Structures are given as structure tokens and as C-alpha cells.
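Written out below as C-alpha cells is the structure these notes cover.
The values are calculated or read from the model by the stated rules, or taken from the named source; none is laboratory data. Please read all numbers here as calculations on a predicted model, not as lab measurements. Ideal geometry is used to build each Cβ from the backbone, glycine not excepted, and the neighbour counts take in all protein chains shown.
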Amino acid sequence: MSFNDIKGNKNVMERMSRVIKSRNISHAYLLEGDCTIDKIGLAESFAKAILCENISEGDSCECCASCRKISHGNHEDIIYIKAEGNSIKDESIEELQSRIRNKPYAGDRTVVILQDADTMTLRAQNRLLKTLEEPAPGTVMILLAENMESLTETIRSRCTTYKLNPFEVPDCESTMNGAIQISDMLIEGAAFYKISKKLVEFTPDRPAARGFLDAFESLYRDLVISEYDIERCLLFNAEGFEEIRKRRRLYSVGSLEKAVVAIEEARNDLNRNLNINYTMKNMILKIIA
Ligand SMILES: [Zn+2]
């Protein structure tokens, strides 16, 4: 599995990808996210990219010896630790420490995937802290936690932290549903804060926000076009023609054009790397102005 195969959390993967490209890999990462997120899949993709022999694209190549071994679950330089019973015990960390004292077998790095890190006993955490303070050369630790507040402040401060978002990038259909829901709220005159709150669900990260804007713009463009495109050949969403015709009477031509301009400006803002929430709220303000 490479980054490309993972849904959601594209912003985190973009950051990981930059780390790989720059080879500026730190010795410890902490990934926090709830149980609905495939944290192990994400950690393995990261580990794969770190150990890959062809890293120019910032993702694993899926064809070098290292990638193939990881896909088959038999790479010597990935160590998995997880809770036994309800917690990760001191002995597990002790065993880990003696393993990473050895050099990596295949390449120049060892990656440790520490699942359930937030279940470490205090003794285990204190022991792990020594490793984080004096990292073994070439060792990269990836800690996975549902709640990083269960880890001591000293552990947290020594890790690069990524917070994972439970939302997935919506597929096409749900993106269009999102666009319709927001346009309904606009027509009903819903409060600005309610619309903004709803929008956050559909725009958890930049790719999702772009997808949303595409759907949103196609909806408004169709509303304009439906006036004269009887053959339906110019419509983006031809199958929803009747629905669009029904909605058309709710808008003035001026308001539709204003929306299309606001959406295009929002797309430019996203491309200029402006904050997603800010961009979306700004767009809504322009539409309702
Ligand atoms: Zn590879």
C-alpha cells in the first residue's frame, strides 16, 4: 500500500511525502487518530516510503526489493510492537531497545511501528523516553495513539505529531450531495455559522475541498445553462436535469453568476495555499452578500 491507496488525510500524507523527498526524516513520529482510522495502514505506507530504494517521488515505488518485502510482510527492518492484554509493558520496550542496538539488516534504517502507544505503562513510557532522548542511529519510531494525552508530555515533545482526521475524502456522489446540501442551506437562508460548520464536513483537506468546489461550481453552472440547454448536452449533471430545472426558479441569474465567480475565486485561493476554512467561509460570505 502506498500513499496513493489511502483515502483521507491527504494533508498528512503530503507532509510525509515532503519529509521523504527532503530526506529530513526525524527519529520519532506520533500519529493520533480515533479507532475508525487505519493508522497502521498509514504508518506502513510511511515506513515503506522511508525504506524505499527509489524515493524521488516522495512515495514508495512498490517495485524495489524493500517495497516488495514490505508488501509480503517480511521486511527485516520493520519492527511491530503492540499491546499485550490492555497495555504495552516495560519488557516489550526493553526487548525493543536491545533489537535496535543492532544495525539494520537490509538498508540503513530500522522503522518501529508502535501500535497502541497510549497504552504504555508509565514504566514503559519512561524507558521509551531514553530511546527518544538518545535515538539509535537510523531508527525511526512511529507511535500510534487514539489519545496522545495518555502519553507523558516529555514523550510527546520529542515526537513530530500528526493529527489524523476521521473524515474520508468524499467520493463523487457524496461530494455532489454535499454541494446540494450547501446550496439548499443558502436558499433557505440558514445562518452563516451553520453553513460554515456543515462545509467543514465536506472539506476536511485540500483535495476534498477542491472536489467540493468542482461539484459546487458544476451545480451552479448547470442552473445557469438549464435555461436554454434543452438538449442537455452542455450540462455537467445531465442525469439530474429535472431536479435542476425545479431548482432553477429559486435563483436569479445575477445570484448564480455571483456564486460561480465566488467559487472560482475560492479555487484560486486554495491553489495559493490559503487556509481551507478561511477560503470556504470567504466564499459563502461573497455568495450571500
Ligand atoms: Zn520501493
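Side notes on the structure shown:
- Flag if Val224 is assigned to a helix (DSSP H, G or I), at pLDDT 85 or above and farther than 18 Å from Glu201 by Cα: no
- Test: residue in region 20-28 that is under 16 Å from Lys163 (Cα atoms) and in contact (Cβ under 8 Å) with a residue 24 or more places away in the chain: yes
- Take the conditions (1) at pLDDT 95 or above; (2) crowded, with 16+ Cβ neighbours inside 10 Å; (3) within 21 Å of Lys39 (Cα to Cα); Thr152 misses just one of them, which is (2).
- Taking the criterion of being over 20 Å from Ile25 (Cβ atoms) and of a type in the set (A, V, I, L, M, F, W, C), the residues of region 83-128 that qualify are Ala83, Ile88, Ile93, Met120, Leu122, Ala124.
- Residues satisfying the stated conditions in region 36-63, i.e. without any contact (Cβ under 8 Å) to a residue 12 or more places away in the chain and away from the ligand (no atom under 15 Å from the Cβ): none
- In summary, helices (runs of 4 or more DSSP H) completely within region 7-118 and bearing 2 or more residues that are more than 20 Å from the chain's Cα centre (by Cα) and of a type outside the set (Lys, Arg) occur at 65-71, 90-100.
- Residues located in region 23-45, provided they are surrounded by fewer than 14 Cβ atoms within 10 Å (Cβ to Cβ) and under 15 Å from Arg109 (Cβ atoms): Arg23, Asn24, Ser26
- Condition met for Asn165 (closer than 25 Å to Arg206 by Cα and in contact with a Pro (Cβ under 6 Å, 6 or more places away or on another chain)): yes
- Residue in region 119-134 that is in a strand (DSSP E or B), in contact with a Phe, Trp or Tyr (Cβ under 8 Å, 6 or more places away or on another chain), aliphatic (A, V, I, L, M) and at pLDDT 95 or above present: no
- Single unsatisfied condition, Gly85 versus (1) on the phi < 0 side of the Ramachandran plot; (2) more than 16 Å from the ligand (Cβ to nearest atom); (3) of a type outside the set (A, V, I, L, M): (1)
- Ser66 vs. criteria of a type in the set (Ser, Thr, Tyr), closer than 30 Å to Ala209 by Cβ and within 16 Å of the ligand (Cβ to nearest atom): no
- Cross-chain or 6+ apart pairs with Cβ under 8 Å, region 108-134 first and touching a residue at least 24 places away in the same chain (Cβ under 8 Å) and on the phi > 0 side of the Ramachandran plot, then surrounded by 21 or more Cβ atoms within 10 Å (Cβ to Cβ) and part of a strand (DSSP E or B): Asp116/Ile88; Asp116/Leu144; Asp116/Ala145
- Take the conditions (1) within 23 Å of Glu146 (Cα to Cα); (2) within 16 Å of the ligand (Cβ to nearest atom); (3) in contact with a Gly (Cβ under 6 Å, 6 or more places away or on another chain); Lys21 misses just one of them, which is (1).
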